[in-house]
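All remarks here apply to the structure that follows.
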Amino acid sequence: MNPDICRERENATFNTETLTNMLDGSAEKTRRRREIESLVINDPDFQHDDPNFMSRSERYDAAVKKSSQMIMKLRDYGISDPEEIYFYKRTARRTFHEAFGLHYTMFLPTLYSQCTPEQQKKWLPLAENFKALGTYAQTELGHGTHIRKLETTATYDPSTQEFVLNCPTVSSIKWWPGGLGKTSNHAIVLAQLYTLGKCHGLHAFIVPIRCMKTHQPLPGVTVGDIGPKFGFEEVDNGYLKLENVRIPRENMLMKYAQVEPDGSYLKPPSDKLTYGTMVFIRAMIVGESARALSKSCTIAIRYSAVRHQSELRPGEPEPQILDYQAQQYKLFPLLAAAYAFTFVGQYMSDTYHRITGHINQGDFSQLPELHALAAGLKAFTTWTANAGIEVCRMACGGHGYLCCSGLPDIYVTFTPTCTYEGENTVMMLQTARFLVKCYRQAREGQQLSGTVSYLNEQQRLQPQPVSSRPTVVNINDLASLVEAYKLRAAKLVEVAAKSLQGELQRSISQEDAWNNSSIELVRASDAHCHYVVVELFAAKLSEISDTAVHSVLNTLALLYALHGITLNSGDFLQLSQITQRIKALLVEIRPNAVALVDSFDYNDEMLNSVLGRYDGNVYESMFEWAKRSPLNRTEVRSFIIFNIIQKK
Ligand SMILES: CCCCC/C=C/C(=O)SCCNC(=O)CCNC(=O)[C@H](O)C(C)(C)COP(=O)(O)OP(=O)(O)OC[C@H]1O[C@@H](n2cnc3c(N)ncnc32)[C@H](O)[C@@H]1OP(=O)(O)O
Ligand SMILES: Cc1cc2nc3c(=O)[nH]c(=O)nc-3n(C[C@H](O)[C@H](O)[C@H](O)COP(=O)(O)OP(=O)(O)OC[C@H]3O[C@@H](n4cnc5c(N)ncnc54)[C@H](O)[C@@H]3O)c2cc1C
């Protein structure tokens, strides 16, 4: 064990196990999670070659093998609780992506949420037993965001009681779905529904695309892999062209909207229910932001504790790079954000399940807030985590650029979360749409509840606009900082609403007014989400009874809130003491930095980083890893070089 990292752990002011238990939910939950992780880590079937030294095809084959083994073993162990399955699978995956990822994350959830009971009876046994392997095919070459313009059609033929599916143009070819290229034999296809000559908009259909016996593409189906990407090498994101593919009427997902045998159409209670799977994944991505950032911080902070470089004072030994204030300023606000997003991820998951419970009972009243919250927090947390991972990589200097640091893989895997499941700017604009609506309702005297209840205050404080209210912040008091964030959000929502109003008064159209105000609208959403994150971090503190853990998390929460103010200082009244206070917080966090990342409890197998190893023995492992590079298998690799040298 590296002596520097041992000393860091001895000097921590709190018990890492207590904090880990809190993050897991309880000591028993930590025990069980670790037990499940060790099932994978000690299983010889899950020891594999380093994917960095494999070709794309080898990686795909290995991912398929791994996914199939996971299915068998989960059955053998009798693990059926969704949270426990998630622990098992994320440990087994490590640096591999799951070949059947979309089957679990989108195909099955869509069947659970959008099938009628009869449809569930037919499809769930097939899907849960992996006879029907599925994906979610929505995006087309021509459209990802503006799904109302998707061109794939499903036309009902009453004479045979079938839908006929077609991708009539090049731009309508389905493009991107994970697992579509080679793995899936079914796809949930989002298509424009036509019946009795009328288009009823987008609906979801279960489309068999490959033979369940031979795995050959079915007649009318052209399907394949879209080629190498920035990351996700082992995933076969695919294309799909459908030409007169016929499916039975019962293959339309009919929990909400229905087509009768004679072709008559029954409307759903809300036309946004077809988009339910996207809301679910957006809500879950918030927790993934926390995981990607906490992993990156674990690597960068552990490595910064064992890396020595430069001189602080002439003649003295080189310090740990974690002692440089600049290094702390890069990493500790990200560490604070990783904790904040962990709590926000838990909240988002709970909120999703609570509100969908109401939706299942026929109460759709909270759907707009759920959509706005999931869209905004997905965008806010992924943007921060995405930028943060890259900061962590650069904070490791040259070694951060090596694949064995683990950071390049975390980055390329995480960065598409800013794009998929709703491009981030577009998602922020969706949240803004909700906020402006709420602002107008509050001005009309309606009482708002939930995360937007702060907009009620503008009514109470009329005629003084929120923008002219002074911001007096006690920088040592989290409650006061929450108020400052609340006021900033209220102010920026007001600015956006007034910009829209101003544009409309110039008598341009609603749509142009919206486009001309989109900078203000995105800023309003960003401020709203930032407020929600600070508020939830503060709320979490009130649940913590252990004083040492409370104290260290309070320091992180203050740093998160104050650092956010310095990044957006124009929106807050300038407070000259904030930078000084931030510097003091960095000093306070410094003795606990390693213990705080230890509390995330990533074991070495899952972290898969030579720089972030628990024992801190980074240089020995880097050398061992380099020796395994395929280029090192022979002493002379290229005979071209050999010939050049010989000629000399
Ligand atoms: C590990 C996981 C791997 C994941 C792999 C990736 C998978 C994928 O990427 S799957 C494809 C994901 N695609 C998207 O996310 C597409 C993004 N686009 C959209 O979601 C929508 O088209 C839109 C939200 C950008 C706009 O929809 P549109 O129909 O044009 O709606 P309007 O802007 O006119 O709004 C109408 C109305 O509906 C509300 N609304 C929109 N979406 C939802 C929703 N999901 N749930 C509930 N409500 C929604 C919107 O707020 C408007 O409300 P009102 O203001 O009351 O009219
Ligand atoms: C790794 C990966 C996996 C994926 N997996 C799947 C999958 O399994 N299934 C599936 O169906 N799809 C999948 N997708 C597709 C993904 O959902 C889309 O790429 C995503 O929704 C964005 O759409 P787009 O590519 O059309 O971007 P575009 O909408 O073309 O975005 C391009 C730019 O235009 C801007 N823009 C667009 N509209 C507006 C607007 N209204 N206002 C302001 N700015 C705007 C955006 O902000 C962005 O800057 C995947 C994508 C990736 C990268």
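The values are calculated or read from the model by the stated rules, or taken from the named source; none is laboratory data. Quantities reported herein were computed from a predicted structural model and do not represent experimental measurements. Neighbour counts run over all protein chains shown; Cβ positions are idealised from the backbone, glycine included.
Can you find even one residue in segment 566-589 that is touching a helix residue (DSSP H, G or I) at 6+ places or on another chain (Cβ under 8 Å), in contact (Cβ under 8 Å) with a residue 60 or more places away in the chain and under 30 Å from Arg94 (Cα atoms)?
Yes: one or more hits.
For (1) without any contact (Cβ under 8 Å) to a residue 40 or more places away in the chain; (2) over 17 Å from Asp236 (Cβ atoms); (3) within 16 Å of ligand 1 (Cβ to nearest atom); (4) loosely packed, with under 15 Cβ neighbours inside 10 Å, each residue gets a yes or a no:
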residue	(1), (2), (3), (4)
Asp76	yes, yes, no, yes
Ile85	yes, yes, yes, no
Met106	no, no, yes, no
Gln114	no, yes, yes, no
Thr139	yes, no, yes, no
His146	yes, yes, yes, yes
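Suppose we filter segment 409-433 for residues that are more than 30 Å from Leu611 (Cα to Cα) and either near ligand 2 (Cβ under 10 Å from one of its atoms) or not in a helix (DSSP H, G or I) (or both); how many remain?
10
Any idea which of Val245, Val286, Val235 is buried (at least 22 other Cβ atoms within 10 Å of the Cβ) and modelled with pLDDT under 95? Steps first, please.
Details: Val245 fails: modelled with pLDDT under 95; Val286 fails: modelled with pLDDT under 95.
None of the other options fit; the residue is Val235.
Name the single residue that is surrounded by the fewest Cβ atoms within 10 Å (Cβ to Cβ) among those in segment 249-283 being of a type in the set (Gly, Ala, Ser) and assigned to a helix (DSSP H, G or I).
Restricting to residues being of a type in the set (Gly, Ala, Ser) and assigned to a helix (DSSP H, G or I), the top hit is Gly276.
Please pick out the residue among Leu536, Leu500, Leu541 that is over 22 Å from Leu23 (Cα atoms), among the hydrophobic types (A, V, I, L, M, F, W, C) and in contact with a helix residue (DSSP H, G or I) (Cβ under 7 Å, 6 or more places away or on another chain). Before you say what the answer is, go through the steps one by one.
Values: Leu536 fails: over 22 Å from Leu23 (Cα atoms); Leu541 fails: over 22 Å from Leu23 (Cα atoms).
Result: Leu500 is the single residue among Leu536, Leu500, Leu541 that is over 22 Å from Leu23 (Cα atoms), among the hydrophobic types (A, V, I, L, M, F, W, C) and in contact with a helix residue (DSSP H, G or I) (Cβ under 7 Å, 6 or more places away or on another chain).
What residue, of Ser542, Ser518, Ser569, Ser551, is farther than 22 Å from Ala336 by Cα, surrounded by fewer than 21 Cβ atoms within 10 Å (Cβ to Cβ) and not hydrophobic (A, V, I, L, M, F, W, C)?
Numbers: Ser542 fails: farther than 22 Å from Ala336 by Cα; Ser569 fails: farther than 22 Å from Ala336 by Cα; Ser551 fails: farther than 22 Å from Ala336 by Cα.
Within the list Ser542, Ser518, Ser569, Ser551, the selection yields Ser518.
So Cys297 clears everything in (1) away from ligand 1 (no atom under 16 Å from the Cβ); (2) at pLDDT below 95 except one condition, right? Which one?
For Cys297, the exception is condition (2).
For the structure I just gave you, tell me whether Tyr104 is in contact with a Gly (Cβ under 9 Å, 6 or more places away or on another chain), among the hydroxyl-bearing types (Ser, Thr, Tyr) and either modelled with pLDDT under 95 or within 15 Å of ligand 2 (Cβ to nearest atom) (or both).
Numbers: in contact with a Gly (Cβ under 9 Å, 6 or more places away or on another chain): no; among the hydroxyl-bearing types (Ser, Thr, Tyr): yes; either modelled with pLDDT under 95 or within 15 Å of ligand 2 (Cβ to nearest atom) (or both): yes.
In short, no.
When you go through (1) within 26 Å of Glu233 (Cα to Cα); (2) aliphatic (A, V, I, L, M); (3) without any contact (Cβ under 8 Å) to a residue 12 or more places away in the chain one by one for Ala27, which number turns out not to apply?
(1)
Of the residues that make up segment 210-219, is at least one in a strand (DSSP E or B), of a type outside the set (Lys, Arg) and away from ligand 1 (no atom under 16 Å from the Cβ)?
Checked segment 210-219: at least one residue is in a strand (DSSP E or B), of a type outside the set (Lys, Arg) and away from ligand 1 (no atom under 16 Å from the Cβ).
Which condition number does Phe96 fail, the rest of (1) in contact with a His (Cβ under 8 Å, 6 or more places away or on another chain); (2) not in a loop (DSSP other than H, G, I, E, B) being met?
Condition not satisfied by Phe96: (2).
Does Gly406 satisfy being within 14 Å of ligand 2 (Cβ to nearest atom) and modelled with pLDDT of 95 or more? I'd like the intermediate steps shown before the answer.
Numbers: within 14 Å of ligand 2 (Cβ to nearest atom): no; modelled with pLDDT of 95 or more: yes.
Here the answer is no, as Gly406 does not meet what is asked.
Results for (1) in contact (Cβ under 8 Å) with a residue 12 or more places away in the chain; (2) in a loop (DSSP other than H, G, I, E, B); (3) within 29 Å of Ser67 (Cβ to Cβ); (4) touching a Pro at 6+ places or on another chain (Cβ under 9 Å), shown as yes or no for each residue.
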{"site": "Ile5", "(1), (2), (3), (4)": "yes, no, no, no"}
{"site": "Glu8", "(1), (2), (3), (4)": "yes, no, no, yes"}
{"site": "Thr13", "(1), (2), (3), (4)": "yes, yes, no, yes"}
{"site": "Thr20", "(1), (2), (3), (4)": "yes, no, yes, no"}
{"site": "Arg33", "(1), (2), (3), (4)": "yes, no, yes, no"}
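Using the structure shown, decide if Val495 is part of a helix (DSSP H, G or I), in contact (Cβ under 8 Å) with a residue 60 or more places away in the chain and in contact with a helix residue (DSSP H, G or I) (Cβ under 7 Å, 6 or more places away or on another chain).
Numbers: part of a helix (DSSP H, G or I): yes; in contact (Cβ under 8 Å) with a residue 60 or more places away in the chain: no; in contact with a helix residue (DSSP H, G or I) (Cβ under 7 Å, 6 or more places away or on another chain): yes.
Spelling it out, it is not the case that Val495 is part of a helix (DSSP H, G or I), in contact (Cβ under 8 Å) with a residue 60 or more places away in the chain and in contact with a helix residue (DSSP H, G or I) (Cβ under 7 Å, 6 or more places away or on another chain).
Conditions tested, residue by residue: (1) within 16 Å of ligand 2 (Cβ to nearest atom); (2) under 20 Å from Glu421 (Cα atoms); (3) surrounded by 16 or more Cβ atoms within 10 Å (Cβ to Cβ).
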residue: Leu180; (1), (2), (3): yes, yes, yes
residue: Ile188; (1), (2), (3): yes, yes, yes
residue: Leu193; (1), (2), (3): no, no, yes
residue: His200; (1), (2), (3): no, no, yes
residue: Ala204; (1), (2), (3): yes, yes, yes
residue: Pro208; (1), (2), (3): no, no, yes
residue: Pro217; (1), (2), (3): no, no, no
residue: Val223; (1), (2), (3): yes, no, yes
residue: Gly227; (1), (2), (3): yes, no, no
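Count, please, the residues in segment 557-612 that happen to be of a type in the set (Ser, Thr, Tyr), over 19 Å from Ser296 (Cβ atoms) and in a helix (DSSP H, G or I). Before you say what the answer is, go through the steps one by one.
Within segment 557-612, the subset of a type in the set (Ser, Thr, Tyr) is 560, 566, 569, 576, 579, 599, 602, 609.
Next, from what is left, pick out any that are over 19 Å from Ser296 (Cβ atoms): 566, 569, 576, 579.
Retained after the next criterion (residues that are in a helix (DSSP H, G or I)): 566, 569, 579.
Count: 3.
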